[in-house]
Amino acid sequence: MVLSAPVASHQIRTLNQVILAVSVLSILGAGWIVLSFCLFKQVRTFRHQLILGLAISDLMMAVNFLSSCAVNLSGNILSEPPQKTFCSFNGFMTQLFVVQTDYWVLLIAICTYLILANHKHMSGWIQDHRIILWAIPWALSALWAALGCWFTSDRVRLLVNFIPRWLIIIIVLALYVRLYRLIYKAHNHFMSFNDETSPRNPEPHSVSPETESVSSTHRIGRPSISMNISSKDMQAYIEENGESTPGPTHHRPQSPMLKKMARQMMSYPLVYMFIWTIPTTIRIYQSVTGKPAPFAVGTVDKACIVIQGFADAIIYGVNETSLAVWRDRFRRSSPTAPNASIKIHHEIKVERSIRSPLRSSIRSSM
């Protein structure tokens, strides 16, 4: 049996009120990412197409939780026989979209790593087969949801749901730690590149990568024939701070920009780990002791699952382009507004042509 389900009527009502409120937050957050994608071409890059898939999954999951809460709060308890059909459908959809978010997060991390780590063949393939990438989370989650209908105990759910989920979290964490190290090394190369191109040494020196696997990141400060890792905000940042000069001058983005980019990437797996720590701990407690968790703790458990849409809107929307393009749009619409200051907004793209060494520092980011 599922130990975390409340039985008292006042507990059922309180739990559904909390889940209803959290569902609304997730709907607003996920809906904002979807709306931003539809309105602004700046957030229609390859990476943001994957983020759109995650946002749609978050949105559908939150709507599904909202519908079940609405039924319970209306007095028609889902566990009662008259709601058996809707209860089964609602449970299937819950399993589908909760698991699907795991696959989207993993897919985003893998694609980000392949592109930034300069795996040219694979990065080109994934960007040419986006439909296949979109189909993977849906197919795997649908299969898992169909199998999940047979899992009723907390111990079984711990084994079949939470162990694979934490394997995904570990993989995602490892990928972003690797990218963090690459970007941090790129920061050091920027510092060296700036010294080598100082007025005392007018001739530019190339920064040679230490290994082929990190060549793309090591070349952030210089052109790469096959692919550049860049961010549009870097150019805006340089111009905004008066650091660009006409003519053949080497531009080095400020090192805090790369450090901030690295910190932002590490926030993705850390937030995801935090969201699932409480639900996992509760499943372990209940499977070991055979006792239900306290009602307040169980409520937080379910809220952590539903809050994913809002959390993803923060780490993928506020950290990246979505918030910046909205801010820029409103500032430009006001005749008295100051010039827009575009913060970090990351996108990834493969450069298929050789760019001039003077203009190819960082053009797309995470």
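The values are calculated or read from the model by the stated rules, or taken from the named source; none is laboratory data. The structure displayed is predicted, hence computed values, not measured ones. All Cβ positions, glycine included, derive from the backbone under ideal geometry; neighbour counts span all protein chains shown. SASA here: full protein model, heavy atoms, side chains in, ligands and nucleic acids out. Shrake-Rupley method; radii C 1.70, N 1.55, O 1.52, S 1.80 Å.
For the pair H121 and V300, a Förster radius of 45 Å applied to the C-beta separation gives a FRET efficiency near 0.50, rounded to the nearest 0.05.
As a calculated quantity, the FRET efficiency between R44 and F274 at R0 = 22 Å, using C-beta atoms, amounts to about 0.15. Anisotropy class assigned to the stretch 269-309 is oblate, per the alpha carbon gyration tensor with a/c at or over the 1.5 cut-off and a/b no larger than b/c. Across C87, C304, the residue with the most accessible area heads the list, and the full order at a 1.4 Å probe is C87, C304. Fully extending the segment from I77 to I131 would add 15.5 nm, taking 0.36 nm per residue of separation and subtracting the current Cα-Cα distance. Summing +1 for each Lys or Arg and -1 for each Asp or Glu among the other residues whose beta-carbon sits under 10 angstrom from that of F40 gives +2.
Sorting the segments 97-105, 60-68 by their mean number of nearby beta carbons within 10 angstrom, highest to lowest, gives 97-105, 60-68. Applying 0.36 nm per residue to the separation of R331 and T14 and subtracting their alpha-carbon distance, the gain on full extension is 109.9 nm. In terms of overall dimensions, the C-alpha atoms belonging to the stretch 24-171 reach 55, 37, 22 Å along their principal axes, ordered largest to smallest.
Past the 30 Å Cα-Cα mark, which pairs from K41/K302; K120/K185; K120/K302; K41/K260?
K41/K302; K120/K302
Our summary gives the stretch 65-160 a relative contact order of 31 percent, counting only alpha carbon pairs under 8 angstrom and 6 or more residues apart. Over the stretch 38-101, Cα pairs under 8 Å with separation of 6+ residues give a relative contact order of 38 percent.
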